[in-house]
Amino acid sequence: MSTAAAPTPWAIDLTHVAKTYKGKVQALRGIEMRVRAGEVFGLLGPNGAGKSTLVKILMTVIAPTRADGAVLGKPVGDKDTLRRIGYLPEHHRFPDYLTGRQVLDFYGGLAGVPRRERAARIDPLLELVGMKDWANQRVRGYSKGMRQRVGIAQALVNNPDLVLLDEPTDGVDPVGRRDIRQVCQRLKDEGKTVFLNSHLLSELELVCDRVAILVQGLVASQGTLDELTRDRRYYEIDAALEPAQARELWASLLPAGLALTPKPGSADVLRAETAGASHAHLGFVELERSILRLGTTEASHVQPFVDALRSRGIALRALRPVRPTLEDLFMAAVTDPTTGKALPPGAAKEASR
Amino acid sequence: MILTQTTAFLVDAYRELNARKMFWITLGLSLLVVAIMGCFGVNDKGLTFLGWTFNNDILNARLIPPEKFYIFVFANLGVPIWLTWAATVLALISTASIFPDFIQGGAIELTLCRPIGRVRLFFTKFACGLLFVALQVFVFSLACFIVIGIRGKSWVPDLFLAVPIVLLFFTYLFSFCVLVGLVTRSTLASILFTCLFWLALFVLNTTDGIFVSQRAAKEIAVERAERTIEVRTRGAERMRQRLIDAGQPLPAKDAWPEGAQSELEAISLPLLNARKELAEASESRDNWVKYSGWVFLAKTVLPKTSETIALLDRAILTDKDRELFSPPGADDEPAPGDEEAGSGRRRGPQMGDPAVTRRAEKIIRQRSQWWITGTSAAFAGVLLAIGAWIFARRDF
């Protein structure tokens with residue numbers, strides 16, 4: 001669709017985006033984020049992290065305090081670029097006197113799509129989101145899920161290169177969620193970039209190529225799931241031992257200088273950090289009752305522990321490599337490492353000068 | 001693209017109106033008003049209603065041609081009372097929610113994320129809000145045009161001037177309503193504050209009418225006093241000549257009555273009194289000119305609702321037409337000395353006297369159309385500029 005495609009692999013390339021509201025509330029404190037063209041990108045974060053503020057800045061709904069970067073090759077805030085972007089806001093409200101078809105027609109018109117093109121696109125889009133049979137019913141009679149489906153359709157009515165969906169599965173049943181995932185996949189197959197903002201980590205995990213985690217107005221981490229979990233993968237050994245026996249055995253097997261200490265915030269978990277020590281091939285060692293977790297992806301690093309069990313005739317209940325889920329990553333990002341408690345929700349207050 | 005977007009807004013505005021019951025209720029009432037107007041008529045004996053005749057010495061076809069009767073009813077009752085009071089209240093109730101709904105969270109994002117500038121968005125939405133009134137007035141005018149054409153046998157296209165005039169009038173109120181809605185985000189506050197603003201304008205306009213009438217009364221009083229002085233001066237001169245001819249002495253200067261400035265005033269008490277009346281009337285007139293000047297100044301910076309609507313009257317009724325509907329005796333200008341006739345009670349011109357009313361109307365009608373529409377539109381423009389500035393800068 002676009003004739004002026006940017007000579008960059010990035011659909012969104014933000015180097016510094018900040019927003020301070022009145023009252024000195026810093027919603028965003030310098031976002032650096034890159035979204036590749038043609039990928040499905042997920043933005044997650046706790047309430048008040050600044051996710052919606054960031055999306056609204058990209059859509060010119062909110063004026064940033066500072067915004068260095070580009071969207072589809074144009075500076076952030078460029079109105080003309082919005083012709084190539086589709087957007088579904090969170091908690092959107094369509095005029096309830098419109099039918100589903102009229103919603104698409106109206107917002108397509110506002111996006112500058114000529115009448116004939118709109119007429120040609122509306123039915124296929126309604127069919128895509130499963131709303132064709134309800135197209136001529138007024139929105140006021142729609143369920144939450146139906147509104148969400150029509151919302152996705154209106155975000156696509158201008159045949160955008162970049163689609164930003166803010167909580168697209170909010171209020172949608174499992175079938176609807178699957179349908180929305182399929183829509184995202186289809187958009188990706190068509191070469192479009194999809195930017196998802198969602199709380200539903202399992203949904204994002206299923207569909208996203210890359211994710212970013214936003215915490216208190218900053219990007220805590222971003223990348224593919226493989227990249228983000230590379231340092232967090234581990235092996236888990238479950239032996240037929242009582243917790244006290246397990247603690248004694250595993251402590252004796254640990255290299256000298258490593259001591260298991262209670263993990264902050266988790267009374268049942270003992271943990272030893274190995275970074276910087278001579279045992280750095282193990283990222284960490286963690287013991288939870290009879291389960292031992294070894295921070296490594298190499299089976300050879302685990303072998304001595306299995307051998308020790310075998311030599312003592314202790315039954316091995318399970319041995320498996322584990323890749324953290326998106327939820328694990330998320331929880332790690334929103335947890336204060338010193339206290340082990342979740343970081344307080346909301347944005348940060350500007351430091352007094 | 002601008003055309004596509006504007007068309008989308010207009011179509012949406014129509015759909016919104018179509019969905020509002022109040023729009024159809026108001027339209028139905030407008031047509032009912034026109035139908036009732038059509039039921040009335042005039043014949044040689046008086047006023048008629050559905051075939052019944054109510055004898056009337058003033059309202060009859062001998063004095064007022066039927067077409068003038070209907071045009072007068074349209075310009076002085078239909079538009080000023082129905083369209084600019086009752087229908088405007090209904091229109092305000094219907095349109096006050098447009099901006100608060102528009103900027104509601106979840107709705108505004110869907111519009112702001114389009115390739116359309118905020119200022120253009122604001123003004124387009126504002127124009128769409130005026131569509132309610134534009135359609136109402138057009139339908140009302142069209143119905144009146146047909147009724148007057150059929151019943152009065154006169155086709156008057158000038159009736160359609162009501163559309164821009166009433167639209168301009170509504171713009172004053174709607175711009176205020178939009179600004180309040182934008183600031184408070186509340187429909188109720190918009191309606192309430194707009195009604196208060198309208199009431200304030202009404203009070204100011206009424207004050208203006210009273211002050212102008214007082215000024216007119218005092219001007220007439222001064223003119224009458226001047227004419228009285230002329231008559232009294234001639235009488236005093238004749239008396240002075242008679243005294244001289246009779247060889248009687250004229251009063252010495254130190255024997256002049258208090259306040260007398262000349263020999264004539266010394267020999268004619270009525271002339272002396274007339275001089276005093278002139279001085280009092282002049283002082284009073286100057287005061288009222290000053291007071292009405294202040295009100296005029298205040299009105300200059302505010303919208304002139306009544307005068308804007310009165311432009312229609314100016315446009316479709318000639319002075320001659322208006323005379324048909326003037327109260328009897330409007331031209332009566334008391335002759336000098338009339339006040340002393342009859343009961344002997346002295347009564348200066350008062351508000352409500354036909355001559356005073358006529359003079360006040362003349363003063364008001366002398367105010368230029370550009371002063372009325374230009375300064376009022378400038379006021380609305382300033383409000384809209386503030387509204388657009390807020391809308392363009394706000395984070396939603």
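The values are calculated or read from the model by the stated rules, or taken from the named source; none is laboratory data. Everything quoted here is computed from the prediction, not taken from an experiment. All Cβ positions, glycine included, derive from the backbone under ideal geometry; neighbour counts span all protein chains shown.
Taking segment B:61-85, which residues are touching a strand residue (DSSP E or B) at 6+ places or on another chain (Cβ under 7 Å) and surrounded by fewer than 21 Cβ atoms within 10 Å (Cβ to Cβ)?
So the first thing to find is which residues in segment B:61-85 are touching a strand residue (DSSP E or B) at 6+ places or on another chain (Cβ under 7 Å), and the list is B:61, B:64, B:66, B:69.
Result: B:61, B:64, B:66.
Which residues, counting only those in segment A:98-123, are more than 7 Å from chain B (Cβ to nearest Cβ) and small (Gly, Ala, Ser)?
A:100, A:108, A:119, A:120, listed by residue number.
Pick out the one residue from A:202, A:221 that is assigned to a strand (DSSP E or B), surrounded by fewer than 17 Cβ atoms within 10 Å (Cβ to Cβ) and of a type in the set (S, T, N, Q).
On inspection, the qualifying residue turns out to be A:221.
Residue A:49: at pLDDT below 90, over 30 Å from residue A:134 (Cβ atoms), under 19 Å from the mean Cα position of the chain (by Cα) and buried (at least 21 other Cβ atoms within 10 Å of the Cβ), yes or no?
Yes.
Give me a count of the residues in segment A:28-56 that are more than 27 Å from residue A:189 (Cα to Cα), within 14 Å of chain B (Cβ to nearest Cβ) and not in a strand (DSSP E or B).
Residues meeting the conditions: 2.
Considering only residues that are part of a helix (DSSP H, G or I) and touching a residue at least 40 places away in the same chain (Cβ under 8 Å), look in segment A:124-145 and name the one that is farthest from the other protein chains (Cβ to nearest Cβ).
Among those residues, the one meeting the criterion is A:128.
Regarding segment A:85-97, can at least one residue be identified that is out of contact with any Asp or Glu (no Cβ under 7 Å at 6 or more places or on another chain), of a type in the set (Ser, Thr, Tyr), closer than 18 Å to residue B:115 by Cβ and within 7 Å of chain B (Cβ to nearest Cβ)?
yes
I need a count of the residues in segment B:1-37 that are closer than 28 Å to residue B:159 by Cα and not in a helix (DSSP H, G or I).
The total comes to 1.
Across segment A:57-73, what is the total count of residues that are facing chain B (nearest Cβ under 9 Å) and more than 19 Å from residue A:36 (Cα to Cα)?
4
Please report, ordered by residue number, the helices (runs of 4 or more DSSP H) entirely within segment A:237-353 with at least 2 residues that are at pLDDT 80 or above, aliphatic (A, V, I, L, M) and within 25 Å of residue A:222 (Cα to Cα).
A:326-333
Take the residues of segment A:74-84 that are more than 7 Å from every other protein chain (Cβ to nearest Cβ), free of Cβ contacts under 8 Å to residues at least 40 places away in the same chain and farther than 16 Å from residue A:192 by Cβ: which is farthest from the chain's Cα centre (by Cα)?
Across segment A:74-84, the extreme among qualifying residues is A:78.
Could you identify the single residue in A:187, A:165, A:156 that is farther than 22 Å from residue A:99 by Cα and either touching a helix residue (DSSP H, G or I) at 6+ places or on another chain (Cβ under 8 Å) or hydrophobic (A, V, I, L, M, F, W, C) (or both)?
Just a single option satisfies the conditions, and that option is A:187.
Among (1) outside any loop (DSSP other than H, G, I, E, B); (2) modelled with pLDDT of 90 or more, which single condition is residue B:236 missing?
Residue B:236 satisfies all of (1) outside any loop (DSSP other than H, G, I, E, B); (2) modelled with pLDDT of 90 or more except (2).
Would segment B:68-87 turn up any residue that is within 14 Å of another protein chain (Cβ to nearest Cβ), touching a residue at least 40 places away in the same chain (Cβ under 8 Å) and among the small types (Gly, Ala, Ser)?
no
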